[in-house]
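Just so you know, all these numbers are worked out from the coordinates, no wet-lab data involved. It should be emphasised that the depicted structure is a prediction, and the values quoted were computed from it without experimental measurement. All Cβ positions, glycine included, derive from the backbone under ideal geometry; neighbour counts span all protein chains shown.
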Amino acid sequence: MCGIVGYIGNRSAQDVLLGGLKRLEYRGYDSSGISVINSDNSKISTQKSPGKIAVLEGLLKKKPLGGNLGIAHSRWATHGAPNHINAHPHADCKKEISIVHNGIIENYESLKTGLIKEGHHFLSQTDTEVIVHLIEKFYKNGASLEEAVRKSLRLLAGSFAIGVISSREPDKLIGARLGSPLIIGVGKDENFLASDVPAVLGSTKEVIFLEENEMVVLSKDSVRISSLSGKKVSRNPAHISWDIAQAQKQGYKHFMLKEINEQPKIIENLLKMRIKGEKVIFDEQKIPEEKLKEIKNIFIVACGTAYHAGMVGKYIIESICSIPVSVDVSSEFRYRNPLLDKNTLVIAVSQSGETADTLAGIKEAKKYGARVLSICNVLGSSLTRESDGVIYTHAGPEMGVASTKAYTAQLMAFYFLAFYLAELKGVLPREKIAQELAELKKIPHQQKDILKDQAAIAILARRHSHLGSFLYLGRHVNFPSALEGALKLKEISYIPAEGYAAGEMKHGPIALIDEYRAVVCICPQSHVYEKMISNLQEIRARRGKIIAIASLGDKKIKEQVKEIIYIPLCSEIFSPLLVVLPLQLIAYHIAVKRGCDVDQPRNLAKSVTVE
Ligand code: AGP
């Protein structure tokens, strides 16, 4: 939920840390701060501020912090309001230690009470501050900073990724993680800590992913990893193929628009990566094939957009490989004692791989002996480490808070998985699979055709940007598309929007239809097309403003609707991959027209790592 960065080297820590923070702003941005050990007097200097990182940058321009060792933080508040005093970094009583933290310390109240009794003085309402006072408590009688940190972390319940520095040991940067991501950037005579890869890509592509319960002690020229219990760990850096440009906007006005337009390329890459000859292959998936053959039922668990991908996944898997599938939002799944056993496959879908409810859901699933396969976009994320098998979506860094390319990459993972299982279980002949894969290979080109018309879609969207609410209607495999379209609009434009199964219209939503509301109807050619046409007639009769998404060449729909966005004709089961592009663009252009902060919508963060 927050972004942390650490630096030790020969350059200005302030400049490196600010650059890193900016690339992590999507993880949380309601306040930020930085601590640097001053190379002249070895004192810790700290600057922090509520608001976006640009505010902190302005303060540092006026009063720069000199030094080559430091830590920094961009926050999404969980304990304590997003204000100056609660912004990280936090310090001990004597201001000799400084810490940044991403996660939640669940037992912080009891720890804080004990520390106050021992004379410690707290300034903030945050859970984080207890950690730095614990370190202060243990950092005496000759104990090293490392030993004091180790002892402190053992007392914590909850999750943390931390960066710690001390003016008493101004040649060390310490990091540790449990339940929140932390990576090490390995440079030449400099090293980095960060919550995520984009923060370090401007300086190095050599990255080590810290695992759960691990700590690292960094100097300018050494990386020493150990378990929290002190056992030495050796791990080589992974080479990251992304360059920093991928994590920047590349000329688009917003990350979201860039990422919408990246989708054809990502799907092209996935098709090349996953299809060899006429077979689907997964290199990183580790669940043995004989175990997958025993699967009798599947549970899909996810949140938000990933949940909508899971809903499409249900239609895909049930129709292609005839395995029964249930879909749950993670926050429900984890508390409802699901009926799982060793023949159940739980598929966790998550772009970030750090969503707290989804992580908790799969921990619950493993208690029942279910195998867990995650569909995830972030290499080395917590979810991937908790899973028995992983299908990476390889969508590259998704910087916009509203998920777009990760969603279509998740859908692709379900298509590939369905054909893979169908082949494994022998439920589809090879020729049929080859035929379907040939259809799937048309999708990138078909998406490009839709994107060629995005200027027209923008004009249509802007024409409706004044409306006070939207209803999205879809059927069968595009019912989840309706939910996703509504989520996209509401989360970036703040317009109330609701997705509904079109067949449910008469059971309530029809009461909403009038000339002040737009109704987005998803009606590509399909076995339920005629049913959608009936819905259109019912909406027209009540003067609803209809925007239809229909298949190229559809003449009939013109009799019903004036505002139509056409998508290329494709197999019905693949249509969510095309339908979603107009839905994303409608949301984007309405939000821009309304002057909303498209990439960082209010109250939201890219990864919800708390319940
Ligand atoms: C999607 O646009 C939202 N930002 C949000 O619903 C998101 O999909 C959800 O929080 C799940 O995130 P995850 O995929 O990283 O687990």
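Points worth noting:
- Between residue 42 and residue 151, the modelled labels are 2.1 nm apart [label points 7 Å from Cα along Cα→Cβ].
- Contour excess over end-to-end distance, with Cα ends at residue 530 and residue 465 and 0.36 nm allotted per residue: 20.5 nm
- With the helix formula -39500 (n - 2.57) applied to DSSP H stretches of n ≥ 4, the chain reaches a computed 222 nm mean residue ellipticity of -10500 deg cm²/dmol.
- Fully extended contour minus Cα-Cα distance, from residue 432 to residue 95, at 0.36 nm per residue: 114.5 nm
- Ordering 256, 311, 273 by the number of other Cβ atoms within 10 Å of each residue's own Cβ, fewest first, gives 273, 311, 256.
- For the stretch 142-255: relative contact order, % (alpha-carbon pairs under 8 angstrom, 6 or more apart): 21
- Of all aspartates and glutamates in the structure, those lying under 19 Å Cα to Cα from residue 293, and not within fewer than 8 positions of it along the same chain, are 283, 284, 318, 341, 388, 423.
- Calculated FRET value between residue 291 and residue 233, using beta carbons and R₀ = 30 Å, to 0.05: 0.55
- Modelled label reach - residue 456, point 7 Å along Cα→Cβ, the stretch 548-570 residues with backbone N closer than 14 Å: 548-555, 558, 562-569
- With neighbour counts taken as other beta-carbon atoms within 10 Å, the residues 593, 48 rank, fewest first, as 593, 48.
- Pairs exceeding 28 Å between alpha-carbon atoms, taken from 441/545; 276/442; 314/506; 151/172: 441/545.
- Here the stretch 170-245 and the stretch 270-328 have alpha carbon centers that stand 32 Å from each other.
- A simple spin-label model places the labels of residue 597 and residue 515 3.8 nm from each other, with each point 7 Å out along Cα-to-Cβ.
- Projected onto their three principal axes, the Cα atoms of the chain cover extents of 81, 55, 43 Å, largest first.
- Debye log10 I(q)/I(0) at q = 0.12, 0.13, 0.18 Å⁻¹ for the stretch 308-461, Cα point scatterers: -0.58, -0.67, -1.15
- Across the chain, C-alpha contacts under 8 Å between residues 6 or more apart give a mean separation that, scaled by the residue count, equals a relative contact order of 12 percent.
- Residue-count net charge about residue 135 - beta-carbon cut-off 9 Å; Lys, Arg +1, Asp, Glu -1: 0
- Per-residue Cβ neighbour rank within 10 angstrom, fewest leading, 491, 106, 484: 106, 491, 484
- Among the listed pairs 265/562; 95/137; 94/137, those beyond 21 Å (Cα-Cα): 265/562
- Subtracting the Cα-Cα distance of residue 385 and residue 253 from 0.36 nm times their residue separation leaves 44.0 nm of extension gain.
- For the stretch 462-611, convex hull volume per residue from C-alpha positions, Å³: 120
- Cross-link reach is defined here as a Cα-Cα straight distance under 16 Å, omitting same-chain residues fewer than 8 places apart; for residue 52 the aspartates and glutamates meeting it are 25, 30, 597, 599.
- Burial order of peptide ranges 437-447, 401-411, 293-303 (average beta-carbon count within 10 Å, highest first): 401-411, 293-303, 437-447
- Per-residue packing, averaged as other Cβ atoms within 10 Å, sorts the ranges 512-520, 129-137 into the order 129-137, 512-520, beginning with the highest.
- The P(r) of the stretch 389-459 has a tail past 21 Å containing 44 percent of all C-alpha pairs.
- The distance between label points at residue 224 and residue 283 comes to 3.6 nm (points 7 Å beyond Cα on the Cα→Cβ vector).
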